[in-house]
Amino acid sequence: MADAVETLTHPPEAHPKLRNWSSTYNVSPELLFHPTTNDEVALILKEAGRKGKKVRAVGLHNSPGPIWHSNQWLISLRHFTHSSFPSTSRTAILGAGLSLRDANPLLASHGLSLPTLGSLPDVTVGACFSGPDHGSSAFHSISAGAAKAVTIVLPTGEVRRVERGDELFRAAGAGAAAVGIVTEVEFECEEAFGLEFTMSRTRLEDYLDDDDSGRKLWELARSSEYVKLWYYPGPTPTSSSPNTVLWRASRCPMPPPQQNTLYTRLSSQFTHLIHATAFFITTYLFPFLQPWLNASGYWLLAGTMPKTQRLRSYEAQYMDCGYWQLVDEWSAPLPAPSSSAKSPPAPAAQILRQLITFFASPEGKRVGMHAPMELRFSRVKGEDFFLSPAASYGELLGREEKEEDLVMWFEPIIYRPLNLPTPSRFYTFLISFESLFRSRPASRPHWTKPTLTLLRIRANQDVRPGEAGAVEEG
Ligand SMILES: Cc1cc2nc3c(=O)[nH]c(=O)nc-3n(C[C@H](O)[C@H](O)[C@H](O)COP(=O)(O)OP(=O)(O)OC[C@H]3O[C@@H](n4cnc5c(N)ncnc54)[C@H](O)[C@@H]3O)c2cc1C
(Lines give C-alpha, C1' and ligand atoms only; values in the text may rest on other atoms or scores of the structure.)
Protein backbone atom coordinates (compact mmCIF):
# COMPACT_ATOMS: atom_id res chain seq x y z
CA MET A 1 0.00 0.00 0.00
CA ALA A 2 2.94 2.31 0.72
CA ASP A 3 3.61 2.62 -3.01
CA ALA A 4 0.03 2.48 -4.24
CA VAL A 5 0.46 5.66 -6.30
CA GLU A 6 3.28 3.98 -8.21
CA THR A 7 0.70 1.71 -9.82
CA LEU A 8 -0.97 4.69 -11.55
CA THR A 9 -0.84 4.81 -15.36
CA HIS A 10 0.84 8.23 -15.23
CA PRO A 11 3.19 9.06 -12.34
CA PRO A 12 2.28 12.30 -10.53
CA GLU A 13 4.26 15.43 -11.34
CA ALA A 14 6.19 16.86 -8.40
CA HIS A 15 5.98 20.63 -7.87
CA PRO A 16 4.73 21.61 -11.35
CA LYS A 17 4.26 25.34 -11.90
CA LEU A 18 0.63 26.26 -12.61
CA ARG A 19 -0.68 29.72 -13.46
CA ASN A 20 -4.20 30.99 -13.86
CA TRP A 21 -5.57 32.72 -16.97
CA SER A 22 -4.57 36.18 -15.75
CA SER A 23 -1.19 35.02 -14.42
CA THR A 24 -2.10 36.51 -11.04
CA TYR A 25 -1.08 33.32 -9.25
CA ASN A 26 1.75 30.83 -9.37
CA VAL A 27 0.80 27.58 -7.71
CA SER A 28 3.11 24.66 -7.14
CA PRO A 29 1.40 21.66 -5.54
CA GLU A 30 3.49 18.96 -3.92
CA LEU A 31 2.02 16.46 -6.40
CA LEU A 32 -0.22 16.83 -9.46
CA PHE A 33 -2.01 13.61 -10.42
CA HIS A 34 -3.35 12.67 -13.85
CA PRO A 35 -5.58 9.63 -13.24
CA THR A 36 -7.17 7.82 -16.17
CA THR A 37 -10.02 5.91 -14.48
CA ASN A 38 -12.44 6.27 -11.58
CA ASP A 39 -10.49 3.54 -9.78
CA GLU A 40 -7.30 5.57 -10.06
CA VAL A 41 -9.07 8.66 -8.68
CA ALA A 42 -10.35 6.49 -5.80
CA LEU A 43 -6.87 5.13 -5.16
CA ILE A 44 -5.40 8.65 -4.96
CA LEU A 45 -8.10 9.83 -2.56
CA LYS A 46 -7.65 6.81 -0.29
CA GLU A 47 -3.90 7.26 -0.32
CA ALA A 48 -4.32 10.96 0.49
CA GLY A 49 -6.56 10.03 3.44
CA ARG A 50 -3.95 7.57 4.67
CA LYS A 51 -1.15 10.13 4.41
CA GLY A 52 -3.22 13.06 5.76
CA LYS A 53 -2.91 15.06 2.52
CA LYS A 54 -5.45 17.62 1.41
CA VAL A 55 -6.68 17.09 -2.15
CA ARG A 56 -8.32 19.42 -4.64
CA ALA A 57 -9.53 18.95 -8.18
CA VAL A 58 -8.25 21.19 -10.91
CA GLY A 59 -9.54 21.73 -14.43
CA LEU A 60 -7.67 24.11 -16.72
CA HIS A 61 -6.70 26.25 -13.66
CA ASN A 62 -8.22 29.28 -15.35
CA SER A 63 -10.24 30.47 -12.37
CA PRO A 64 -9.41 34.05 -11.47
CA GLY A 65 -9.53 33.18 -7.76
CA PRO A 66 -7.63 30.77 -5.52
CA ILE A 67 -10.40 28.18 -5.22
CA TRP A 68 -8.36 25.51 -7.06
CA HIS A 69 -5.06 26.18 -5.30
CA SER A 70 -3.24 23.65 -3.19
CA ASN A 71 0.29 23.24 -1.96
CA GLN A 72 -0.48 19.58 -1.25
CA TRP A 73 -2.17 17.27 -3.81
CA LEU A 74 -4.06 18.30 -6.94
CA ILE A 75 -5.98 15.99 -9.26
CA SER A 76 -6.34 16.92 -12.92
CA LEU A 77 -9.01 15.14 -14.95
CA ARG A 78 -7.33 15.86 -18.28
CA HIS A 79 -7.52 12.19 -19.35
CA PHE A 80 -11.30 12.13 -18.82
CA THR A 81 -12.24 13.40 -22.28
CA HIS A 82 -14.70 10.69 -23.29
CA SER A 83 -18.18 11.46 -24.58
CA SER A 84 -21.30 9.52 -25.47
CA PHE A 85 -24.70 10.50 -26.79
CA PRO A 86 -27.56 8.16 -25.85
CA SER A 87 -29.71 7.94 -28.96
CA THR A 88 -32.99 7.78 -27.05
CA SER A 89 -32.76 11.19 -25.41
CA ARG A 90 -31.30 14.64 -25.96
CA THR A 91 -28.56 14.05 -23.41
CA ALA A 92 -24.78 14.04 -23.60
CA ILE A 93 -22.42 12.27 -21.23
CA LEU A 94 -19.15 14.18 -21.12
CA GLY A 95 -15.87 13.41 -19.35
CA ALA A 96 -15.00 15.97 -16.67
CA GLY A 97 -11.70 16.85 -18.33
CA LEU A 98 -13.21 17.83 -21.69
CA SER A 99 -13.04 21.58 -22.29
CA LEU A 100 -16.13 23.46 -23.41
CA ARG A 101 -14.08 24.66 -26.40
CA ASP A 102 -13.98 21.02 -27.57
CA ALA A 103 -17.32 19.92 -26.11
CA ASN A 104 -19.53 22.53 -27.79
CA PRO A 105 -18.62 21.72 -31.44
CA LEU A 106 -18.89 18.03 -30.52
CA LEU A 107 -22.39 18.60 -29.16
CA ALA A 108 -23.26 20.59 -32.29
CA SER A 109 -22.13 17.69 -34.47
CA HIS A 110 -24.77 15.61 -32.64
CA GLY A 111 -27.40 18.32 -33.15
CA LEU A 112 -27.21 19.48 -29.51
CA SER A 113 -26.48 22.69 -27.59
CA LEU A 114 -26.13 23.52 -23.91
CA PRO A 115 -28.78 26.07 -22.92
CA THR A 116 -26.47 28.68 -21.42
CA LEU A 117 -22.74 29.30 -21.17
CA GLY A 118 -20.28 31.79 -19.70
CA SER A 119 -17.87 33.88 -21.74
CA LEU A 120 -14.83 31.60 -21.47
CA PRO A 121 -14.56 28.45 -23.63
CA ASP A 122 -11.49 27.18 -21.75
CA VAL A 123 -13.46 25.69 -18.89
CA THR A 124 -13.59 21.96 -18.21
CA VAL A 125 -16.88 20.10 -17.94
CA GLY A 126 -15.98 19.22 -14.31
CA ALA A 127 -15.41 22.88 -13.41
CA CYS A 128 -18.51 23.97 -15.32
CA PHE A 129 -20.54 21.73 -13.00
CA SER A 130 -18.53 22.37 -9.83
CA GLY A 131 -18.16 26.15 -10.08
CA PRO A 132 -21.16 28.43 -10.39
CA ASP A 133 -20.44 29.08 -14.07
CA HIS A 134 -23.15 31.19 -15.62
CA GLY A 135 -24.02 33.08 -18.76
CA SER A 136 -26.79 35.64 -18.86
CA SER A 137 -30.39 34.59 -19.25
CA ALA A 138 -33.49 35.25 -17.20
CA PHE A 139 -34.87 32.01 -18.63
CA HIS A 140 -32.02 29.67 -17.69
CA SER A 141 -30.25 28.85 -14.44
CA ILE A 142 -26.46 28.70 -14.02
CA SER A 143 -24.75 26.27 -16.44
CA ALA A 144 -24.68 23.40 -13.90
CA GLY A 145 -28.49 23.49 -13.89
CA ALA A 146 -28.41 21.63 -17.23
CA ALA A 147 -26.71 18.63 -15.58
CA LYS A 148 -29.01 15.73 -14.74
CA ALA A 149 -26.49 13.28 -13.26
CA VAL A 150 -22.80 13.07 -12.41
CA THR A 151 -20.29 10.40 -11.53
CA ILE A 152 -18.39 11.44 -8.45
CA VAL A 153 -15.58 9.85 -6.45
CA LEU A 154 -16.02 10.51 -2.74
CA PRO A 155 -13.12 11.03 -0.30
CA THR A 156 -13.64 7.45 0.90
CA GLY A 157 -12.89 6.22 -2.62
CA GLU A 158 -16.50 5.23 -3.24
CA VAL A 159 -17.59 5.87 -6.85
CA ARG A 160 -21.21 7.07 -7.04
CA ARG A 161 -23.56 8.13 -9.81
CA VAL A 162 -25.85 10.79 -8.37
CA GLU A 163 -28.85 12.36 -10.03
CA ARG A 164 -30.71 15.64 -9.94
CA GLY A 165 -32.66 15.77 -6.69
CA ASP A 166 -30.17 13.60 -4.72
CA GLU A 167 -28.67 15.40 -1.72
CA LEU A 168 -25.14 14.62 -2.89
CA PHE A 169 -25.88 16.01 -6.36
CA ARG A 170 -27.18 19.19 -4.75
CA ALA A 171 -24.01 19.44 -2.65
CA ALA A 172 -21.65 18.79 -5.57
CA GLY A 173 -23.12 21.26 -8.10
CA ALA A 174 -21.48 24.70 -7.76
CA GLY A 175 -19.78 23.11 -4.74
CA ALA A 176 -16.14 23.69 -5.80
CA ALA A 177 -15.05 20.07 -5.27
CA ALA A 178 -15.99 20.19 -1.59
CA VAL A 179 -17.68 16.77 -1.60
CA GLY A 180 -15.67 14.83 -4.16
CA ILE A 181 -14.08 14.63 -7.58
CA VAL A 182 -16.52 14.71 -10.49
CA THR A 183 -15.38 12.48 -13.35
CA GLU A 184 -18.36 12.61 -15.71
CA VAL A 185 -21.39 14.85 -16.23
CA GLU A 186 -24.62 13.96 -18.00
CA PHE A 187 -26.19 17.08 -19.48
CA GLU A 188 -29.75 17.57 -20.60
CA CYS A 189 -29.21 19.42 -23.88
CA GLU A 190 -31.41 21.26 -26.32
CA GLU A 191 -31.68 20.95 -30.06
CA ALA A 192 -28.69 22.81 -31.53
CA PHE A 193 -29.51 26.48 -32.01
CA GLY A 194 -27.97 29.69 -33.22
CA LEU A 195 -28.31 33.12 -31.65
CA GLU A 196 -29.04 36.37 -33.38
CA PHE A 197 -27.69 39.08 -31.12
CA THR A 198 -27.94 42.83 -31.25
CA MET A 199 -25.72 45.31 -29.44
CA SER A 200 -27.29 48.68 -28.86
CA ARG A 201 -26.80 51.84 -26.81
CA THR A 202 -28.67 52.47 -23.60
CA ARG A 203 -28.40 54.39 -20.33
CA LEU A 204 -28.12 52.32 -17.16
CA GLU A 205 -29.84 54.92 -14.97
CA ASP A 206 -33.02 54.44 -17.06
CA TYR A 207 -33.52 51.02 -15.43
CA LEU A 208 -33.69 52.35 -11.87
CA ASP A 209 -37.19 52.68 -10.41
CA ASP A 210 -37.90 55.42 -7.87
CA ASP A 211 -38.86 52.78 -5.31
CA ASP A 212 -35.92 50.45 -6.17
CA SER A 213 -38.40 47.65 -6.81
CA GLY A 214 -36.19 46.39 -9.65
CA ARG A 215 -39.22 46.20 -11.95
CA LYS A 216 -37.50 47.91 -14.91
CA LEU A 217 -34.34 45.83 -14.52
CA TRP A 218 -36.38 42.63 -14.27
CA GLU A 219 -38.39 43.57 -17.37
CA LEU A 220 -35.20 44.38 -19.26
CA ALA A 221 -33.67 41.02 -18.24
CA ARG A 222 -36.73 39.25 -19.66
CA SER A 223 -36.94 41.31 -22.84
CA SER A 224 -35.03 38.58 -24.76
CA GLU A 225 -33.93 35.06 -23.94
CA TYR A 226 -30.33 36.27 -23.40
CA VAL A 227 -29.57 39.78 -22.12
CA LYS A 228 -26.44 41.36 -20.69
CA LEU A 229 -25.13 44.86 -20.08
CA TRP A 230 -21.70 46.47 -20.17
CA TYR A 231 -21.63 49.67 -18.16
CA TYR A 232 -19.04 52.40 -18.88
CA PRO A 233 -18.82 54.70 -15.83
CA GLY A 234 -17.70 58.12 -17.03
CA PRO A 235 -18.89 61.54 -18.16
CA THR A 236 -21.64 61.73 -20.78
CA PRO A 237 -22.50 64.71 -23.04
CA THR A 238 -25.94 65.13 -21.41
CA SER A 239 -27.72 63.62 -18.41
CA SER A 240 -29.71 61.38 -20.74
CA SER A 241 -26.87 60.21 -23.02
CA PRO A 242 -26.21 56.47 -23.22
CA ASN A 243 -23.36 54.93 -21.20
CA THR A 244 -24.07 51.21 -21.53
CA VAL A 245 -24.01 48.50 -24.18
CA LEU A 246 -27.13 46.35 -24.20
CA TRP A 247 -26.53 42.87 -25.66
CA ARG A 248 -29.70 40.92 -26.46
CA ALA A 249 -29.97 37.60 -28.24
CA SER A 250 -32.73 35.32 -29.37
CA ARG A 251 -32.70 31.98 -31.12
CA CYS A 252 -32.25 31.50 -34.84
CA PRO A 253 -31.50 28.45 -37.00
CA MET A 254 -28.01 27.04 -36.50
CA PRO A 255 -25.59 28.98 -38.78
CA PRO A 256 -22.30 27.51 -40.09
CA PRO A 257 -19.33 27.78 -37.69
CA GLN A 258 -17.59 31.13 -37.41
CA GLN A 259 -14.31 31.46 -39.35
CA ASN A 260 -11.43 32.52 -37.14
CA THR A 261 -9.19 34.12 -39.77
CA LEU A 262 -5.68 35.49 -39.40
CA TYR A 263 -7.18 38.96 -39.87
CA THR A 264 -9.60 38.55 -36.92
CA ARG A 265 -6.80 37.21 -34.71
CA LEU A 266 -4.43 40.05 -35.62
CA SER A 267 -7.06 42.75 -35.23
CA SER A 268 -7.97 41.35 -31.80
CA GLN A 269 -4.29 41.42 -30.74
CA PHE A 270 -3.93 44.95 -32.07
CA THR A 271 -7.03 46.10 -30.14
CA HIS A 272 -5.63 44.55 -26.94
CA LEU A 273 -2.34 46.38 -27.48
CA ILE A 274 -4.05 49.76 -27.91
CA HIS A 275 -6.31 49.03 -24.92
CA ALA A 276 -3.41 47.99 -22.68
CA THR A 277 -1.36 51.06 -23.64
CA ALA A 278 -4.23 53.44 -22.86
CA PHE A 279 -5.08 51.62 -19.63
CA PHE A 280 -1.42 51.62 -18.56
CA ILE A 281 -1.44 55.42 -18.74
CA THR A 282 -4.68 55.80 -16.77
CA THR A 283 -4.01 53.02 -14.26
CA TYR A 284 -0.46 53.92 -13.27
CA LEU A 285 0.19 57.51 -14.41
CA PHE A 286 -2.97 59.63 -14.66
CA PRO A 287 -5.91 57.90 -12.90
CA PHE A 288 -8.08 61.03 -13.22
CA LEU A 289 -8.20 60.38 -16.98
CA GLN A 290 -9.85 56.96 -16.57
CA PRO A 291 -13.50 58.17 -16.61
CA TRP A 292 -12.69 60.09 -19.82
CA LEU A 293 -11.03 57.04 -21.32
CA ASN A 294 -14.13 54.99 -20.45
CA ALA A 295 -16.34 57.59 -22.11
CA SER A 296 -14.15 57.72 -25.25
CA GLY A 297 -14.03 53.91 -25.43
CA TYR A 298 -17.80 53.82 -25.17
CA TRP A 299 -18.29 56.35 -27.94
CA LEU A 300 -15.89 54.53 -30.25
CA LEU A 301 -17.84 51.33 -29.67
CA ALA A 302 -21.19 53.11 -29.83
CA GLY A 303 -20.29 54.30 -33.32
CA THR A 304 -20.54 50.68 -34.51
CA MET A 305 -24.01 50.16 -32.98
CA PRO A 306 -26.69 48.99 -33.40
CA LYS A 307 -24.97 45.88 -34.63
CA THR A 308 -26.60 42.54 -35.35
CA GLN A 309 -24.92 39.20 -35.96
CA ARG A 310 -25.89 35.53 -36.18
CA LEU A 311 -23.62 32.92 -34.64
CA ARG A 312 -23.83 29.44 -33.19
CA SER A 313 -25.19 29.61 -29.62
CA TYR A 314 -21.83 28.89 -28.01
CA GLU A 315 -19.91 31.28 -30.27
CA ALA A 316 -22.36 34.08 -29.49
CA GLN A 317 -22.02 33.53 -25.74
CA TYR A 318 -18.21 33.37 -25.72
CA MET A 319 -16.45 36.69 -25.44
CA ASP A 320 -13.04 38.02 -26.30
CA CYS A 321 -12.08 38.69 -22.66
CA GLY A 322 -9.00 40.69 -23.53
CA TYR A 323 -5.93 40.23 -21.37
CA TRP A 324 -4.74 40.00 -17.74
CA GLN A 325 -7.30 41.25 -15.26
CA LEU A 326 -8.47 41.14 -11.67
CA VAL A 327 -12.18 40.44 -11.33
CA ASP A 328 -14.69 39.98 -8.58
CA GLU A 329 -18.29 38.90 -9.02
CA TRP A 330 -21.31 38.76 -6.73
CA SER A 331 -24.97 38.02 -7.23
CA ALA A 332 -27.89 39.91 -5.72
CA PRO A 333 -31.60 38.99 -5.72
CA LEU A 334 -33.80 40.49 -8.41
CA PRO A 335 -37.19 39.04 -7.45
CA ALA A 336 -40.14 39.06 -9.84
CA PRO A 337 -42.03 42.25 -8.94
CA SER A 338 -45.47 41.78 -7.46
CA SER A 339 -48.46 42.56 -9.62
CA SER A 340 -49.59 45.30 -7.23
CA ALA A 341 -48.22 48.75 -7.96
CA LYS A 342 -45.96 48.66 -4.90
CA SER A 343 -43.16 46.10 -4.58
CA PRO A 344 -40.57 45.97 -1.79
CA PRO A 345 -37.06 47.06 -2.80
CA ALA A 346 -34.95 44.52 -4.72
CA PRO A 347 -31.37 44.17 -3.39
CA ALA A 348 -30.00 44.16 -6.98
CA ALA A 349 -31.68 47.49 -7.76
CA GLN A 350 -30.49 49.03 -4.49
CA ILE A 351 -26.91 47.92 -5.13
CA LEU A 352 -26.99 49.15 -8.72
CA ARG A 353 -28.16 52.58 -7.55
CA GLN A 354 -25.37 52.70 -4.94
CA LEU A 355 -22.74 51.76 -7.53
CA ILE A 356 -23.91 54.33 -10.08
CA THR A 357 -23.94 57.01 -7.37
CA PHE A 358 -20.48 55.97 -6.20
CA PHE A 359 -18.92 56.10 -9.69
CA ALA A 360 -20.33 59.61 -10.23
CA SER A 361 -18.96 60.86 -6.87
CA PRO A 362 -15.52 62.54 -6.46
CA GLU A 363 -14.40 59.45 -4.52
CA GLY A 364 -15.55 57.17 -7.35
CA LYS A 365 -13.79 59.29 -9.95
CA ARG A 366 -10.58 59.06 -7.89
CA VAL A 367 -10.73 55.26 -8.09
CA GLY A 368 -10.94 55.55 -11.86
CA MET A 369 -12.84 52.30 -12.25
CA HIS A 370 -12.09 50.46 -15.45
CA ALA A 371 -14.85 49.92 -17.97
CA PRO A 372 -16.85 48.00 -18.73
CA MET A 373 -18.49 46.55 -15.67
CA GLU A 374 -20.44 43.48 -16.69
CA LEU A 375 -24.02 43.01 -15.48
CA ARG A 376 -25.79 39.71 -16.11
CA PHE A 377 -28.82 37.71 -15.00
CA SER A 378 -29.65 34.11 -14.09
CA ARG A 379 -32.90 32.40 -13.33
CA VAL A 380 -33.21 31.04 -9.81
CA LYS A 381 -35.52 28.11 -10.57
CA GLY A 382 -34.05 25.20 -12.48
CA GLU A 383 -31.33 24.25 -10.00
CA ASP A 384 -31.25 23.69 -6.26
CA PHE A 385 -27.58 23.40 -5.41
CA PHE A 386 -26.85 24.14 -1.76
CA LEU A 387 -23.84 26.37 -2.50
CA SER A 388 -25.08 28.08 -5.64
CA PRO A 389 -24.83 31.88 -5.49
CA ALA A 390 -27.99 31.85 -7.62
CA ALA A 391 -29.97 29.58 -5.28
CA SER A 392 -33.49 30.57 -4.29
CA TYR A 393 -33.67 33.30 -1.70
CA GLY A 394 -37.38 33.71 -0.91
CA GLU A 395 -36.98 32.65 2.71
CA LEU A 396 -33.96 34.90 3.26
CA LEU A 397 -35.86 37.91 1.91
CA GLY A 398 -39.08 36.95 3.66
CA ARG A 399 -40.88 36.88 0.30
CA GLU A 400 -42.87 34.27 -1.50
CA GLU A 401 -40.74 32.48 -4.13
CA LYS A 402 -41.79 32.92 -7.74
CA GLU A 403 -40.97 31.01 -10.91
CA GLU A 404 -39.59 34.18 -12.48
CA ASP A 405 -37.24 35.22 -9.64
CA LEU A 406 -33.77 36.19 -10.88
CA VAL A 407 -30.35 37.02 -9.58
CA MET A 408 -28.34 39.83 -11.09
CA TRP A 409 -24.56 39.41 -11.36
CA PHE A 410 -22.21 42.37 -10.90
CA GLU A 411 -18.67 42.00 -12.19
CA PRO A 412 -16.14 44.82 -12.05
CA ILE A 413 -13.14 44.09 -14.30
CA ILE A 414 -9.81 45.67 -13.38
CA TYR A 415 -7.28 45.28 -16.18
CA ARG A 416 -3.61 44.67 -15.47
CA PRO A 417 -1.75 46.30 -18.37
CA LEU A 418 1.73 44.72 -18.71
CA ASN A 419 0.61 42.40 -15.89
CA LEU A 420 1.80 44.87 -13.27
CA PRO A 421 0.39 44.68 -9.71
CA THR A 422 -3.01 46.26 -9.25
CA PRO A 423 -2.82 49.64 -7.42
CA SER A 424 -4.22 49.56 -3.89
CA ARG A 425 -7.07 52.01 -4.69
CA PHE A 426 -8.77 49.22 -6.63
CA TYR A 427 -8.59 46.88 -3.63
CA THR A 428 -10.07 49.64 -1.50
CA PHE A 429 -12.86 49.86 -4.07
CA LEU A 430 -13.37 46.08 -4.00
CA ILE A 431 -13.71 46.17 -0.21
CA SER A 432 -16.53 48.72 -0.57
CA PHE A 433 -17.97 46.77 -3.50
CA GLU A 434 -18.12 43.55 -1.49
CA SER A 435 -19.55 45.32 1.55
CA LEU A 436 -22.51 46.45 -0.59
CA PHE A 437 -23.37 42.79 -1.09
CA ARG A 438 -22.51 41.63 2.41
CA SER A 439 -24.90 44.21 3.83
CA ARG A 440 -27.85 42.92 1.75
CA PRO A 441 -29.66 39.65 2.35
CA ALA A 442 -29.02 36.71 0.01
CA SER A 443 -26.24 38.40 -1.98
CA ARG A 444 -23.48 35.90 -2.66
CA PRO A 445 -20.01 35.61 -4.21
CA HIS A 446 -19.06 33.68 -7.34
CA TRP A 447 -16.77 31.03 -5.86
CA THR A 448 -14.16 30.92 -8.60
CA LYS A 449 -13.57 34.69 -8.69
CA PRO A 450 -11.17 36.27 -6.21
CA THR A 451 -13.36 37.69 -3.51
CA LEU A 452 -11.28 39.57 -0.97
CA THR A 453 -12.20 37.01 1.66
CA LEU A 454 -10.47 34.33 -0.35
CA LEU A 455 -7.57 36.63 -1.18
CA ARG A 456 -7.09 37.39 2.49
CA ILE A 457 -7.10 33.72 3.42
CA ARG A 458 -4.41 32.95 0.90
CA ALA A 459 -2.58 36.27 0.83
CA ASN A 460 0.52 35.00 2.60
CA GLN A 461 0.82 32.05 0.30
CA ASP A 462 -0.16 32.83 -3.25
CA VAL A 463 -0.86 36.49 -3.93
CA ARG A 464 2.07 38.40 -5.34
CA PRO A 465 3.76 40.54 -2.71
CA GLY A 466 2.43 43.83 -4.14
CA GLU A 467 -1.12 42.54 -4.09
CA ALA A 468 -0.92 40.92 -0.69
CA GLY A 469 0.25 44.24 0.74
CA ALA A 470 -2.57 46.04 -0.97
CA VAL A 471 -5.16 43.67 0.45
CA GLU A 472 -3.78 43.97 3.96
CA GLU A 473 -3.66 47.76 3.71
CA GLY A 474 -7.38 47.73 2.91
C1 LIG B 1 -11.37 35.41 -18.97
C2 LIG B 1 -12.36 34.70 -18.09
C3 LIG B 1 -13.72 34.80 -18.35
C4 LIG B 1 -14.64 34.15 -17.51
N5 LIG B 1 -15.97 34.28 -17.77
C6 LIG B 1 -16.87 33.69 -16.95
C7 LIG B 1 -18.27 33.81 -17.18
O8 LIG B 1 -18.70 34.42 -18.16
N9 LIG B 1 -19.11 33.23 -16.29
C10 LIG B 1 -18.67 32.55 -15.20
O11 LIG B 1 -19.47 32.07 -14.41
N12 LIG B 1 -17.35 32.38 -14.98
C13 LIG B 1 -16.46 32.94 -15.82
N14 LIG B 1 -15.12 32.77 -15.59
C15 LIG B 1 -14.70 31.88 -14.53
C16 LIG B 1 -14.40 30.48 -15.10
O17 LIG B 1 -15.35 30.10 -16.01
C18 LIG B 1 -14.39 29.47 -13.98
O19 LIG B 1 -13.50 29.89 -13.01
C20 LIG B 1 -14.07 28.04 -14.44
O21 LIG B 1 -14.27 27.21 -13.34
C22 LIG B 1 -12.66 27.83 -14.94
O23 LIG B 1 -12.56 26.52 -15.48
P24 LIG B 1 -11.32 25.60 -15.19
O25 LIG B 1 -11.50 24.32 -15.94
O26 LIG B 1 -10.06 26.33 -15.45
O27 LIG B 1 -11.50 25.31 -13.63
P28 LIG B 1 -10.43 25.43 -12.45
O29 LIG B 1 -10.07 26.86 -12.30
O30 LIG B 1 -9.32 24.50 -12.65
O31 LIG B 1 -11.32 24.96 -11.21
C32 LIG B 1 -12.47 25.70 -10.83
C33 LIG B 1 -13.17 25.00 -9.65
O34 LIG B 1 -13.75 23.78 -10.09
C35 LIG B 1 -13.26 22.70 -9.30
N36 LIG B 1 -13.14 21.54 -10.18
C37 LIG B 1 -12.50 21.47 -11.37
N38 LIG B 1 -12.64 20.24 -11.89
C39 LIG B 1 -13.38 19.53 -11.00
C40 LIG B 1 -13.84 18.19 -10.96
N41 LIG B 1 -13.58 17.34 -11.95
N42 LIG B 1 -14.55 17.78 -9.89
C43 LIG B 1 -14.83 18.63 -8.87
N44 LIG B 1 -14.43 19.91 -8.87
C45 LIG B 1 -13.71 20.35 -9.92
C46 LIG B 1 -11.92 23.16 -8.77
O47 LIG B 1 -11.54 22.48 -7.59
C48 LIG B 1 -12.22 24.63 -8.51
O49 LIG B 1 -12.91 24.76 -7.31
C50 LIG B 1 -14.18 33.39 -16.41
C51 LIG B 1 -12.81 33.27 -16.17
C52 LIG B 1 -11.89 33.92 -17.00
C53 LIG B 1 -10.43 33.79 -16.73
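The values are calculated or read from the model by the stated rules, or taken from the named source; none is laboratory data. Please read these numbers as outputs of a predicted model, since none were measured by experiment. Please note: Cβ atoms are built from the backbone with ideal geometry, for glycine as well, and neighbour counts cover all protein chains shown. These area figures cover heavy atoms from the full protein model, side chains too; ligands, DNA and RNA do not enter into them. Shrake-Rupley method; radii C 1.70, N 1.55, O 1.52, S 1.80 Å.
Of everything in region 34-68 that is more than 9 Å from the ligand (Cβ to nearest atom) and assigned to a loop (DSSP other than H, G, I, E, B), the residue that is most open to solvent (accessible area, probe 1.4 Å) is Lys54.
Residues checked against (1) touching a Cys at 6+ places or on another chain (Cβ under 9 Å); (2) surrounded by 21 or more Cβ atoms within 10 Å (Cβ to Cβ); (3) within 26 Å of Pro372 (Cβ to Cβ); (4) not assigned by TED's automatic domain parsing to the domain that holds Met373:
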site: Val150; (1), (2), (3), (4): no, yes, no, yes
site: Val185; (1), (2), (3), (4): yes, yes, no, yes
site: Ser200; (1), (2), (3), (4): no, no, yes, no
site: Leu204; (1), (2), (3), (4): no, yes, yes, no
site: Glu219; (1), (2), (3), (4): no, no, yes, no
site: Val227; (1), (2), (3), (4): no, yes, yes, no
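Check whether at least one residue in region 253-275 is open to solvent by 30 Å² or more (accessible area, probe 1.4 Å), among the hydroxyl-bearing types (Ser, Thr, Tyr) and modelled with pLDDT of 95 or more, and report yes or no. No, region 253-275 contains no residue that is open to solvent by 30 Å² or more (accessible area, probe 1.4 Å), among the hydroxyl-bearing types (Ser, Thr, Tyr) and modelled with pLDDT of 95 or more. Taken residue by residue, region 146-165 has at least one member that is of a type in the set (A, V, I, L, M, F, W, C), more than 9 Å from the ligand (Cβ to nearest atom) and in contact with a Pro (Cβ under 6 Å, 6 or more places away or on another chain).
So, Arg438, is that one modelled with pLDDT under 95 and closer than 20 Å to Gly65 by Cα or not? Spell out the reasoning first.
Working: modelled with pLDDT under 95: yes; closer than 20 Å to Gly65 by Cα: yes.
The answer is yes for Arg438.
Filtered by the rule that a residue be away from the ligand (no atom under 14 Å from the Cβ) and assigned to a strand (DSSP E or B), region 69-92 gives Ser83, Ser84, Thr91, Ala92. When restricted to residues that are farther than 30 Å from Trp218 by Cβ, within 12 Å of the ligand (Cβ to nearest atom) and hydroxyl-bearing (Ser, Thr, Tyr), region 93-143 contains 2.
Strands (runs of 3 or more DSSP E) fully within region 278-365 that include at least 3 residues being open to solvent by less than 60 Å² (accessible area, probe 1.4 Å) and modelled with pLDDT of 95 or more: 330-334. Could you tell me whether region 387-398 includes any residue that is more than 16 Å from the ligand (Cβ to nearest atom), charged (D, E, K, R) and either within 15 Å of the chain's Cα centre (by Cα) or outside the structural domain of Ala138 (by TED's automatic domain parsing) (or both)? Scanning region 387-398, I find at least one residue that is more than 16 Å from the ligand (Cβ to nearest atom), charged (D, E, K, R) and either within 15 Å of the chain's Cα centre (by Cα) or outside the structural domain of Ala138 (by TED's automatic domain parsing) (or both), so the answer is yes.
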